[in-house]
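Below is one structure, written out as structure tokens, with a few remarks after it.
What follows is calculated from the coordinates using simple rules that are stated; it is not laboratory data. Predicted model only: the values in this text are computed from it and were never measured. Methodologically, a virtual Cβ is constructed for each residue, glycine included, from the backbone with ideal geometry; neighbour enumeration extends over all protein chains shown.
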Amino acid sequence: MIPSQADFLREIHSSDLPLDDDQAGMAAAFAHILHRENESQNLTRILGAKEFVDGHLRDAVELLGSPTLGRRILDVGSGSGVPGLLAAALCADSDRVWFLTESEKSKSEYLGRAAQELGLRRVAVLGKRTEEVIDLVKPDTVIARAVGPVQRIAAWIWNCSTWNNLVLFKSKGWEQEWKEAQTTRYGKKLTVIHSHEYSFEDKKRLLISLKRKSG
């Protein structure tokens, strides 16, 4: 049974996340939309009210607290809408514009419906591959969660000159991934400018910000 929006809201209010009432309401609405859609197509394995808070909402809150987050943000392979759509729903900065790329038609259509249902006017859903639209979007920040290793993502976005930051969600395997990335063409051209570790129930998460090396 899908938790009700009220169930999600109670769990969010009982968490330690620094959300006001409006943000908590938007997060609960998003959670209900996500779970409802998951009945029709496989968007996430993180299901349930507490699981949503720990597995999805914490990531969006951490992203919004990142010091490298810009004003034109491109979420690569948005899928379920985490982190991009959820972060956009929580974001109080009216100058920020969010672009979500998702090449799977059913998922991009869901993202469009969800953005409309949530009343998000600063969100654009692009039903194409990232490398096909990034030059049109001209982002200053690119974000990604669970879409592949850093060097692969860098290859998709490299030819676009506007992005300053690549912000990635990673876990305990990051050190090995970064070591391997530095032996590849694109990995060699990146440097880490900020990293932030956070955890819940002994599960470590990392928010990594990278940029191109100068010279």
* Theoretical gain in end-to-end length, N42 to N159 [0.36 nm per residue, Cα-Cα removed] -> 38.9 nm
* Pop the C-beta distance of R129 and K50 into the FRET formula with R0 = 41 Å and round what comes out to the nearest 0.05. => 0.75
* Which percent, nearest 5, of DSSP beta bridges in the chain are antiparallel? -> 45
* Structure fact -> For 113-120, 150-157, ranked highest to lowest by mean beta-carbon neighbours within 10 Å, the order is 150-157, 113-120
* Highest first, please rank the peptides 91-104, 178-191 by the mean number of other Cβ atoms sitting within 10 Å of their residues. => 91-104, 178-191
* **Point-to-point label distance, Q116-E175, nm (Cα→Cβ direction, 7 Å offset)** => 4.8
* So for the pair K203, D95, with labels modelled 7 Å out along Cα→Cβ, what separation do we get in nm? -> 3.5
* Can you give the helix-only mean residue ellipticity at 222 nm for the chain, where every DSSP H stretch with n ≥ 4 adds -39500 (n - 2.57) and the sum goes over all residues, rounded to the nearest 500 deg cm²/dmol? -> -11000 deg cm²/dmol
* List the lysines whose alpha-carbon lies under 30 Å from that of K128, not counting same-chain residues fewer than 8 positions away? -> K105, K107, K138, K170, K188, K189, K211, K213
